[in-house]
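Take a look at the structure set out below.
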Amino acid sequence: MAMNVPLWFALLVVGWLGLKLARPPLWLVVVLLLGGYLLADSFLSPTINTALNR
């Protein structure tokens, strides 16, 4: 039996568990989130998309 879970909910749960278990510094979390957001909307996004879809 397959369970359908929304992607945003799965990412939220995994992120919360990662923060609770690994306890990274808050500045590192902010830098990674902001960097990922900025890269996703940059001219590098087609290259990143190609590399991830291989």
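Only Cα sites of the chain enter the Debye sum here, all with the same form factor; the resulting log10 I(q)/I(0) across q = 0.14, 0.16, 0.28 1/Å is -0.57, -0.72, -1.03, listed in q order. On the beta carbon distance between V13 and A40, with R0 = 22 Å, the FRET formula returns roughly 0.55. Ligands, DNA and RNA left out, the 1.4 Å accessible surface of the chain is 74% carbon and sulfur atoms.
The values are calculated or read from the model by the stated rules, or taken from the named source; none is laboratory data. Since the model is a prediction, treat every value here as computed from it, not as a measurement. Cβ sites come from the backbone with ideal geometry, for glycine too, and all protein chains shown count toward neighbours. Ligands, DNA and RNA are excluded from the accessible area calculation, which covers all protein heavy atoms including side chains. Shrake-Rupley method; radii C 1.70, N 1.55, O 1.52, S 1.80 Å.
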